[in-house]
Amino acid sequence: MAEMPFVSSLVQEDLPVWQQCLDTEFLRRMEDGTLDEACFKGYIVEDSLYLREYAKVFAWGMTKARTMETLRNYYSLLGFVQESEDVTRLHYLEQFGLSEADLQALPLRPENRAYVDCMINAAKNGEGEAECIMACLPCMLSYGWIFQKMLDRSPAVRDTLYGPLVQDYAGPGYADACRAWAAYAEKVCTGLSPERAARCRAIFHDCSVHELHFWEMSVKPRTDL
């Protein structure tokens, strides 16, 4: 029997964590339309703060790049995240009477800070590109999995306040990007030593767990908006 590709094995191992994310109160209430708008507003603000820090992981990927191809790939990923997530997120902020400038002085909540610190430390202190991509990937892949599951299970979510967000991550363009980046990560992680592969596996899992903590946090609205 052929060995499962490295990235596919990471996803399979962490699917139970992603299922826990889908089962959080925040996402259950988003799916059935009972999520308090203040919680969603807090989530959009927290996600905006998160994405600012997430971009720094790509910066470390660029810093540690050894080829122009690697530089282009991280630049492309940064552009994709901005293009795919900014339009809808900025629209929600506008709906809530906020701008990105309004958020700059706000602190990240502890769960969010722990998550971005985990990613940035992994990218900064790892040997190279493999650690950087392992820090980036769980957020990207888990969002695609979670929101596709939600949309398949509850198509009516399209017609709620949360519909644009769900469809951003459950759309074919996002799925194509996830496949492309998973394939790229597979290439990067091919031939790693067992010790380094184990470290990359741990980074991927730790970031999946932080995703869970982020969703658990999001059911409590921010008190500083």
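The values are calculated or read from the model by the stated rules, or taken from the named source; none is laboratory data. Just so you know, these numbers come straight off a predicted model, no measurement behind them. Neighbour counts are summed over all protein chains in view; Cβ atoms, including those assigned to glycine, are modelled from backbone coordinates with ideal geometry. The accessibility values were calculated without ligands, DNA or RNA, using every heavy atom of the protein model including side chains. Shrake-Rupley method; radii C 1.70, N 1.55, O 1.52, S 1.80 Å.
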Report summary line: Note to self: C-alpha centroids of the stretch 92-123 and the stretch 140-214 sit apart, in Å, by 19
Query raised in the report: If each of His91 and Ala183 carries a label point 7 Å out from its Cα toward its Cβ, how far apart are those two points in nm?
Result: 2.9
Query - Accessible-area composition of the chain, carbon plus sulfur, in percent [1.4 Å probe] - result: 54
Report summary line: The Rg/Rh figure for the stretch 112-218, Cα atoms and Kirkwood Rh, to two decimals is 1.03
Query raised in the report: Can you run phi through the Karplus equation (6.51, -1.76, 1.60; θ = phi - 60°) for the stretch 151-164 and list ³J(HN,Hα) in whole Hz, with x for Gly and Pro?
Result: 5, 4, 7, 9, x, 5, 5, 4, 9, 9, 3, 8, x, x
**Report entry** Neighbourhood charge, 13 Å Cβ-Cβ cut-off, centred on His213 and excluding it, Lys, Arg +1 and Asp, Glu -1
**Finding:** -3
Requested in this report: Tell me the label-point distance for the pair Leu192, Asp102, using the 7 Å Cα-to-Cβ offset, in nm and rounded to one decimal.
Outcome: 4.1
Query raised in the report: Summing +1 for each Lys or Arg and -1 for each Asp or Glu, what net charge is found among the other residues whose Cβ lies under 10 Å from the Cβ of Ala38?
Result: +1
Report summary line: Measuring from its Cα centre, the stretch 100-203 shows a charge dipole (+1 at each Lys and Arg Cβ, -1 at each Asp and Glu Cβ) which, in debye to the nearest 20, is 280
Requested in this report: Determine ³J(HN,Hα), in whole Hz, for all residues of the stretch 26-34 in sequence, where each value follows from phi through the Karplus function 6.51 cos²θ - 1.76 cosθ + 1.60 and θ = phi - 60°; x replaces Gly and Pro.
Outcome: 4, 6, 4, 6, 4, 5, 9, x, 9
Query - Debye log10 I(q)/I(0) for the stretch 10-141, one point scatterer per Cα, at q = 0.20 Å⁻¹ - result: -1.32
Query - Accessible area in square angstrom per residue, the stretch 157-196, 1.4 angstrom probe - result: 50
Query - Along each principal axis, Cα extent of the chain, largest first, Å - result: 48, 42, 28
Query raised in the report: For the stretch 183-225, with the dipole built from +1 on Lys and Arg beta-carbon atoms and -1 on Asp and Glu ones, taken about the Cα centre, which of Thr190, Ala202, Trp215 lies farthest toward the positive end?
Result: Thr190
